[in-house]
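S.K.: Here it is, the structure, as structure tokens.
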Amino acid sequence: MMPIRVAGAVVEPVTVPELRGYLRLDPDDAAEDDLLAALIAAARAELETETRRILVPGTWRLVLDRPPADGRVPVPLSPLVDLVRAGFSAADGGFVALGPGLVALGADRIEAPGLQLGALPDAAGRALLVEVAAGYGGDGPPLPPPLRLAVLRRAAARYEHRGDDAAPDGGDLAACAAPFRRLRL
């Protein structure tokens, strides 16, 4: 099951003016704004991969060919915020909604995000489609300050070490994100 982002404008956790201030660049010189925006997006994406957490809010679709027998579906999106909709795919490519209470979010939405499925009707060869809201910000929990700082510092390090010189080892940068890493078992 691969989550697919279906909605949500990406609003980065650090703005270009904030990064420009952190780097002590001229606030009126917008010549490198595109580069700074790209560095922020890359830093956020790296931290999302490293921590296995979604740093910006969005809506994600999950498709299950067969619901698991135990009704528990681990979801690789943290933090889970809300269940948007759930149902079966229709033969015409549409969506047949499930009744309330048949799909619910698990108890721990941050460290062990998942879905709990009730007694579903017979799928008859149809896929189960579930859309969830996930990520920090928006309706979810606020982004923890150490993760915001990690995005800022990683983008700044990439800016300072672009070109021919060697990049830093990242030990200090990784320390900001370390408490938020979700481990696989």
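The values are calculated or read from the model by the stated rules, or taken from the named source; none is laboratory data. As the structure is a prediction and not an experimental result, all values here were calculated from the model. Because the Cβ atoms are built from the backbone with ideal geometry, glycine has one as well, and the counts that use them run over all protein chains shown. Accessible surface is based on the protein model in full, side chains and every heavy atom, while ligands, DNA and RNA are left aside. Shrake-Rupley method; radii C 1.70, N 1.55, O 1.52, S 1.80 Å.
S.K.: What's the magnitude of the charge dipole for the stretch 27-148 around its Cα centre, counting Lys and Arg as +1 and Asp and Glu as -1 at the beta-carbon? Answer in Debye, nearest 20.
M.R.: Dipole magnitude for the stretch 27-148 comes out near 700 debye.
S.K.: Oh, and also: How big is the Kirkwood radius of the stretch 31-102, worked out from every pair of different alpha carbons and given in Å to one decimal?
M.R.: One decimal place: 15.6 Å for the Kirkwood radius.
S.K.: If I build a Gaussian network model for the chain, linking alpha-carbon pairs within less than 10 angstrom, which residue out of Val84, Val16, Val151 has the largest mean-square fluctuation?
M.R.: Val84
S.K.: How large is the Kirkwood hydrodynamic radius of the stretch 19-59, in angstrom, based on all distinct alpha carbon pairs?
M.R.: Hydrodynamic radius (Kirkwood, Cα pairs) of the stretch 19-59 is 11.7 Å.
S.K.: Right, here's the next one. Given a 1.4 angstrom probe, what's the average accessible area per residue across the chain, in square angstrom?
M.R.: On a per-residue basis, 54 Å².
S.K.: Same structure, new question: Taking each pair of distinct Cα atoms in the stretch 26-185 once, what is the resulting Kirkwood hydrodynamic radius in Å?
M.R.: The answer is 18.0 Å.
S.K.: Taking the Cβ of Arg20 as the centre, find all other residues whose Cβ is under 9 Å away and add up their charges (Lys, Arg: +1; Asp, Glu: -1).
M.R.: Here the charged neighbours net out to -4.
S.K.: Hey, if you put +1 on the Cβ of every Lys and Arg and -1 on every Asp and Glu Cβ in the chain, which of Pro17, Ile40, Gly99 ends up farthest toward the positive end of that dipole?
M.R.: The listed residue farthest towards the positive side: Gly99.
S.K.: With a 1.4 Å probe and all protein chains kept in place, how much accessible area does Ile4 have, in Å² rounded to the nearest 10?
M.R.: 90
S.K.: Something else: Let me have the 222 nm mean residue ellipticity of the chain computed from DSSP H runs of 4+ only, each contributing -39500 (n - 2.57), with the sum over all residues rounded to the nearest 500.
M.R.: Helix-only estimate at 222 nm: -8500 deg cm²/dmol.
S.K.: Continuing with the same structure: Evaluate the relative contact order of the chain (contact order divided by residue number), counting alpha-carbon pairs under 8 angstrom at least 6 apart; express in whole percent.
M.R.: 28
S.K.: Read phi for every residue in the stretch 19-34 and hand back ³J(HN,Hα) as whole Hz from Karplus 6.51 cos²θ - 1.76 cosθ + 1.60, θ = phi - 60°, with x for Gly and Pro.
M.R.: Rounded to whole hertz, the list is 5, 4, x, 4, 7, 6, 8, 4, x, 8, 9, 9, 4, 9, 4, 5.
S.K.: Specify the inter-centroid distance of the stretch 89-104 and the stretch 1-60, based on alpha-carbon positions, in whole Å.
M.R.: 34
S.K.: I'd like the carbon and sulfur percentage of the solvent accessible area for the chain, probe radius 1.4 Å, heavy atoms only, ligands and nucleic acids excluded. Spell out each step's value before the answer.
M.R.: Working: 5610 of 10030 Å².
Carbon plus sulfur share of accessible area: 56 percent.
S.K.: Residue by residue through the stretch 105-121, what is 3J(HN,Hα) from phi via Karplus (6.51 cos²θ - 1.76 cosθ + 1.60, θ = phi - 60°)? Round to whole Hz and write x for glycine and proline.
M.R.: 6, x, 5, 9, 8, 10, 8, 9, x, x, 10, 10, 9, x, 6, 6, x
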